[in-house]
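Have a look at the structure below, then the notes.
The values are calculated or read from the model by the stated rules, or taken from the named source; none is laboratory data. Keep in mind that this is a model prediction, so the values were computed, not measured. All Cβ positions, glycine included, derive from the backbone under ideal geometry; neighbour counts span all protein chains shown. Note: areas computed on protein heavy atoms with side chains; ligands, DNA, RNA excluded. Shrake-Rupley method; radii C 1.70, N 1.55, O 1.52, S 1.80 Å.
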Amino acid sequence: MFFENWMSYINDETAITRLAIPATHNSCTMGMNFLGRCQNDSVLNQYNHGIRKFGVFLNYTKGKVRAAHSVVSGIPGDEIFRDFGEIIRNHDDFLILNVRSYPDQKIGPYTYKCLCEPERIDELIEKYLEPEKYAFTNTDNLKNLTVGDIRKSGKRFIINNERCDYKFSRDFKLKEPWDPKVFGYKPEKFTAVCLDYLRNEESDGFLTLQTQLTPGPGTENGITKWPKSLEKLMIPYFPKILENLANEPALVEKVNIISGDFMTDTQSKINGILALNLLKGAVKEEMKKEYAEAIGFEK
């Protein structure tokens, strides 16, 4: 039960842009072929493992809104938003949903356009998520917005969209730094430099540290490896990223969202992220022991 409500252990005074939040990259890619799949679990199962920020990227194809990763399409949007609706109705922890059509993809001389009219996505949001009741839309003073503020509001999710394409979406200044060269490094080299994003980036809202390796032409990983094979190479290095982060108090204070591929394949990745909230002093004093035991944290 701990992972279904771990936010209940967090102090009201903690700013949500300061909280360490486990996230999934390309969250809705369960069931896609190996080219596009970055997660093996539904968003409902991801939630039950402790994930609270989701990248929901969509396309309209085969007569339905579907999950998208580049040119690969996946499960229907109805299935995705139905799961989010179940989470929202049955749990109090809040969600960060980064929702958008997948960006156009240039493949050689061709541009593949992912076309998903905002009205289609609004229909799914209103059908499944009860946004009038549960969508948090106040973007005033994000840096000082606390977990307690969210609780008092009775809201349970945020829909982030830079262009505010959807009726209940807002621009929550969610930064996700990414560079094809850096994310194309071999794991050891990537581990050595990825924390530079936290050192060098500033945000008035949410800041994401992404940890997934990415294939690409001209990169060290090339184009012959795909998300799952790259993740197998990266798994042994993930604890080192968190160790390096924990050894720099300024980064512990600054870190917010940490995302990656296949996050629920091993609970240890999520546990390591949640442990940062103990180092931040974000956990309620009377619940620290229980929180630490649940994630196997030892000083």
For this session: Scan the range 279-298 and give yes if some residue there is open to solvent by 10 Å² or more (accessible area, probe 1.4 Å), outside any helix (DSSP H, G or I) and in contact with a strand residue (DSSP E or B) (Cβ under 9 Å, 6 or more places away or on another chain), otherwise no.
Result: yes
Exercise. Out of (1) of a type outside the set (S, T, N, Q); (2) more than 30 Å from Lys152 (Cβ to Cβ); (3) over 13 Å from the mean Cα position of the chain (by Cα); (4) open to solvent by 10 Å² or more (accessible area, probe 1.4 Å), what's the single condition that is false for Gly77?
Worked result: (4)
Exercise. Can we say Thr219 is outside any helix (DSSP H, G or I), over 20 Å from Asn33 (Cα atoms) and modelled with pLDDT of 95 or more?
Worked result: no
Problem set entry | Selection from the range 148-201 of residues that are in contact with a Lys or Arg (Cβ under 7 Å, 6 or more places away or on another chain) and at positive phi | Cys164
Exercise. Can you name every residue in the range 19-46 that is of a type outside the set (Gly, Ala, Ser), free of Cβ contacts under 8 Å to residues at least 60 places away in the same chain and surrounded by fewer than 24 Cβ atoms within 10 Å (Cβ to Cβ)?
Worked result: Met30, Met32, Asn33, Leu44
Exercise. What about Ile159, is it open to solvent by less than 60 Å² (accessible area, probe 1.4 Å), within 18 Å of the chain's Cα centre (by Cα), touching a residue at least 24 places away in the same chain (Cβ under 8 Å) and farther than 25 Å from Asn221 by Cα?
Worked result: yes
Problem set entry | Selection from the range 98-121 of residues that are in a helix (DSSP H, G or I) and either over 26 Å from Pro22 (Cα atoms) or open to solvent by 60 Å² or more (accessible area, probe 1.4 Å) (or both) | Pro118, Glu119, Arg120
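Evaluate the following for Tyr237: is it under 22 Å from Ile270 (Cα atoms), free of Cβ contacts under 8 Å to residues at least 24 places away in the same chain and either under 20 Å from the mean Cα position of the chain (by Cα) or open to solvent by less than 80 Å² (accessible area, probe 1.4 Å) (or both)?
Working: under 22 Å from Ile270 (Cα atoms): yes; free of Cβ contacts under 8 Å to residues at least 24 places away in the same chain: no; either under 20 Å from the mean Cα position of the chain (by Cα) or open to solvent by less than 80 Å² (accessible area, probe 1.4 Å) (or both): yes.
Considered against the rule, which asks whether it is under 22 Å from Ile270 (Cα atoms), free of Cβ contacts under 8 Å to residues at least 24 places away in the same chain and either under 20 Å from the mean Cα position of the chain (by Cα) or open to solvent by less than 80 Å² (accessible area, probe 1.4 Å) (or both), Tyr237 comes out as no.
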Problem set entry | The lone exception for Arg66 - which of (1) over 30 Å from Leu145 (Cα atoms); (2) at pLDDT 95 or above; (3) open to solvent by less than 10 Å² (accessible area, probe 1.4 Å) it fails | (3)
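Looking at this structure, is Phe190 part of a helix (DSSP H, G or I), out of contact with any strand residue (DSSP E or B) (no Cβ under 9 Å at 6 or more places or on another chain), more than 24 Å from Val56 (Cα to Cα) and not small (Gly, Ala, Ser)?
Values: part of a helix (DSSP H, G or I): yes; out of contact with any strand residue (DSSP E or B) (no Cβ under 9 Å at 6 or more places or on another chain): yes; more than 24 Å from Val56 (Cα to Cα): yes; not small (Gly, Ala, Ser): yes.
So Phe190 fits the description; yes.
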